[in-house]
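Beneath this line is the structure, given in structure tokens, with notes to follow.
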Amino acid sequence: MSTGAPGHASRRAIAGWVLFDWAAQPFFTLVTTFVYAPYFASAVMADPVQGQVLWGYAKAAAGLAIATFSPVLGAIADAAGRRKPWIAAFGALLFAGSAALWWGKPGEGAMLVLVAFAVASIGAEFATVFNNAMMPDLVPRERLGRLSGTGWATGYVGGLISLAIVLGFLAANPQTGKTLIGLAPWLGLDPASREGDRATGPLSAIWFAVFVLPLFLFTPDHAPRLPLRTAIGSGLRTLSDTLRSLLQRRDAALFLLAYMIAADGLVALFAFGGIYAAGTFGWGTIEIGIFGIVLTITGAIGAYVGGRLDDRFGPKPVILGSLAALIGALMAILLIEPDYIPLLGPVERPAAGGGLYGAAAERTFLALGMIIGVAAGPLQASARTLLVRLAPADRVTQFFGLFALSGKVTSFIGPFLVGAVTAATLSQKAGMAVLVGFFVVGFALLSRVRLPT
């Protein structure tokens, strides 16, 4: 199926595109952030500091691969025309890598987990590049903000529901053998061997395979242009021209640089947020999962509202406001100790087994996390609408490839720096502190970007 009138797709076609975010988000929510990453650090590795180091290196390796190949593949896809075959191919990597995470058992399988996580990350990010590039064919430019914001919000809701399923019915406390709502885990999953945590990998794989189907069934693809072999040569030549033309496209280049530095500081923040909470407060899967539910709800609200603010005021003010909120919230989080809150002074330390709301420091951490959630959705949703406004109409996928490149250069450097600084200082706080600079520099550069009239 190919597009008829670009920018005027049917509601069913738009719904299929939106559901891609729903399909892919559980991998980021369950595996990358709130369940599997902390499980890896605290159980597979048994040492949260060393776990943060290795997880950072694995994410950096995936980011390096994405940074290297995404512009090339985007250029080839623009020349070939169609995007769905690429989504299918990289979706298969996401499926295979996520499913393999099941074999990461407590105290064993660390190398398998790291390789599988890197493969799944590459698949998820590349599939997203080609899904993003379909946006201009679906709605007029004046509705791009709403489309992007709705997609992000829908993704957050999908992540929320998948997280609720894991916490309520799959992942159990190893001591009590019960899930968050007091049930024995479904499917006979063994709490002692953390099978509920490990099941987040296969669940993410199956979830993606099921919910990505409407995209392939109902959303029109771009019309074919060139055979693949011809498209490779043509795409590489066009990419070379595009890279040279960036010198003349000041605002597009400046935006990509700003996004390179800022938005993937956000990726690193989410990648290590659960690990940091586990190390700082001793939170387990249940506590981090509740934290994830709160962030996912606020993220969905932020993305939905941000999309409408984007259409009304433009993407740039939305992104700058989000970055300002992230800077303030992260700096405050890094000043919190289990027995100390900035401006309030010493407080009572969390009691053992006190849970998420057991102490003032934990509640403050949760509130600041909500601010991060509200800011994260609009930042990511408006970034891709801003790129559509800056990119030439005939090179949208290339520019989304460059967008992924810019996003993954610092996603490669960011996790590496978090891991390296954590290893050098033996401090999770010091490792996370490097991300503040990412947001500050990104804000400064983005403020200089001029939108086309």
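The values are calculated or read from the model by the stated rules, or taken from the named source; none is laboratory data. Values in this document were obtained by computation on a predicted structure and should not be read as measured data. We place every Cβ from the backbone using ideal geometry, glycine too, and count neighbours over all the protein chains shown.
On the given criteria, is SER42 touching a helix residue (DSSP H, G or I) at 6+ places or on another chain (Cβ under 8 Å), of a type in the set (Ser, Thr, Tyr) and within 29 Å of ALA223 (Cα to Cα)? If you could, list the steps in order and put the result at the bottom.
Details: touching a helix residue (DSSP H, G or I) at 6+ places or on another chain (Cβ under 8 Å): yes; of a type in the set (Ser, Thr, Tyr): yes; within 29 Å of ALA223 (Cα to Cα): no.
So SER42 fails the test.
Surrounded by fewer than 24 Cβ atoms within 10 Å (Cβ to Cβ), in contact (Cβ under 8 Å) with a residue 40 or more places away in the chain and closer than 24 Å to ALA420 by Cβ: is that true of MET111 in this structure? Give the steps one after another, and end with the answer.
Working: surrounded by fewer than 24 Cβ atoms within 10 Å (Cβ to Cβ): yes; in contact (Cβ under 8 Å) with a residue 40 or more places away in the chain: no; closer than 24 Å to ALA420 by Cβ: yes.
So MET111 fails the test.
Residues to consider are GLY196, GLY177; find the one that is in contact (Cβ under 8 Å) with a residue 24 or more places away in the chain and not basic (Lys, Arg).
Working: GLY177 fails: in contact (Cβ under 8 Å) with a residue 24 or more places away in the chain.
Just a single option satisfies the conditions, and that option is GLY196.
Which of (1) closer than 20 Å to PHE28 by Cβ; (2) out of contact with any Phe, Trp or Tyr (no Cβ under 9 Å at 6 or more places or on another chain) does MET111 not meet, given it meets every other one?
In the conditions (1) closer than 20 Å to PHE28 by Cβ; (2) out of contact with any Phe, Trp or Tyr (no Cβ under 9 Å at 6 or more places or on another chain), MET111 misses (1) alone.
For the stretch 7-16, indicate whether the set of residues that are surrounded by 21 or more Cβ atoms within 10 Å (Cβ to Cβ), of a type in the set (S, T, N, Q) and over 21 Å from the mean Cα position of the chain (by Cα) is non-empty.
no
So which pairs qualify, if the first residue must be in the stretch 83-103 and closer than 13 Å to ASP221 by Cα and crowded, with 21+ Cβ neighbours inside 10 Å, the second must be at pLDDT below 95 and not hydrophobic (A, V, I, L, M, F, W, C), the Cβ gap must be under 8 Å, and the two must be at least 6 apart or on different chains?
What qualifies is ARG83/ASN131; ARG83/ASP221; ARG83/HIS222; ARG83/THR397; ILE87/ASN131.
Restricting attention to the stretch 45-87, which residues are in a helix (DSSP H, G or I) and out of contact with any helix residue (DSSP H, G or I) (no Cβ under 7 Å at 6 or more places or on another chain)? Full working, then the answer.
Of the residues in the stretch 45-87, the ones in a helix (DSSP H, G or I) are 48-80, 84-87.
Scanning the stretch 45-87 gives GLN50, THR68, PHE69, PRO85.
Here is a list: ALA231, ALA263, ALA252. Which entry is part of a helix (DSSP H, G or I), under 30 Å from ALA393 (Cα atoms) and in contact with a Gly (Cβ under 7 Å, 6 or more places away or on another chain)? Explain how you work it out, then say what you get.
Numbers: ALA231 fails: in contact with a Gly (Cβ under 7 Å, 6 or more places away or on another chain); ALA252 fails: in contact with a Gly (Cβ under 7 Å, 6 or more places away or on another chain).
That would be ALA263, the only listed residue that is part of a helix (DSSP H, G or I), under 30 Å from ALA393 (Cα atoms) and in contact with a Gly (Cβ under 7 Å, 6 or more places away or on another chain).
Which one is farthest from VAL166 (Cα to Cα), of the residues in the stretch 197-229 that are at pLDDT 95 or above and small (Gly, Ala, Ser)?
ALA209
Restricting to the stretch 40-59, and then to whatever is among the aromatic types (Phe, Trp, Tyr) and touching a Gly at 6+ places or on another chain (Cβ under 7 Å), can you tell me which residue is modelled with the lowest pLDDT? I'd like the intermediate steps shown before the answer.
To start, the set of residues in the stretch 40-59 that are among the aromatic types (Phe, Trp, Tyr) comprises 40, 55, 57.
Pick out the ones that are also touching a Gly at 6+ places or on another chain (Cβ under 7 Å) and you get 40, 57.
Values: PHE40: 93, TYR57: 84.
Ranking the candidates gives TYR57 first.
Conditions tested, residue by residue: (1) within 19 Å of the chain's Cα centre (by Cα); (2) farther than 28 Å from THR176 by Cα; (3) surrounded by fewer than 23 Cβ atoms within 10 Å (Cβ to Cβ); (4) charged (D, E, K, R).
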{"position": "ARG250", "(1), (2), (3), (4)": "no, yes, yes, yes"}
{"position": "LEU269", "(1), (2), (3), (4)": "yes, yes, no, no"}
{"position": "THR280", "(1), (2), (3), (4)": "no, no, yes, no"}
{"position": "GLY289", "(1), (2), (3), (4)": "yes, no, no, no"}
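Which residue pairs have Cβ atoms closer than 6 Å, lie 6 or more positions apart in sequence or on different chains, and pair a first residue in the stretch 419-436 that is more than 18 Å from PRO38 (Cα to Cα) with a second residue that is modelled with pLDDT under 85 and surrounded by fewer than 23 Cβ atoms within 10 Å (Cβ to Cβ)?
Going by the 6 Å Cβ cut-off, the qualifying pairs are VAL434/LEU417.
So, restricting to helices (runs of 4 or more DSSP H) that lie completely within the stretch 98-203, which ones have at least 3 residues that are charged (D, E, K, R) and over 30 Å from GLY81 (Cβ atoms)? If you could, list the steps in order and put the result at the bottom.
On the way: elements: 110-132, 144-165, 195-198.
So the answer is 195-198.
Is it the case, given these coordinates, that ALA37 is hydrophobic (A, V, I, L, M, F, W, C), buried (at least 21 other Cβ atoms within 10 Å of the Cβ), assigned to a helix (DSSP H, G or I) and at pLDDT below 95? Break it down stepwise before answering.
Values: hydrophobic (A, V, I, L, M, F, W, C): yes; buried (at least 21 other Cβ atoms within 10 Å of the Cβ): yes; assigned to a helix (DSSP H, G or I): yes; at pLDDT below 95: yes.
Taking the combined requirement at face value, the residue satisfies it.
Name the residues in the stretch 335-362 that are surrounded by fewer than 17 Cβ atoms within 10 Å (Cβ to Cβ) and at pLDDT 75 or above, would you?
LEU335, GLU337
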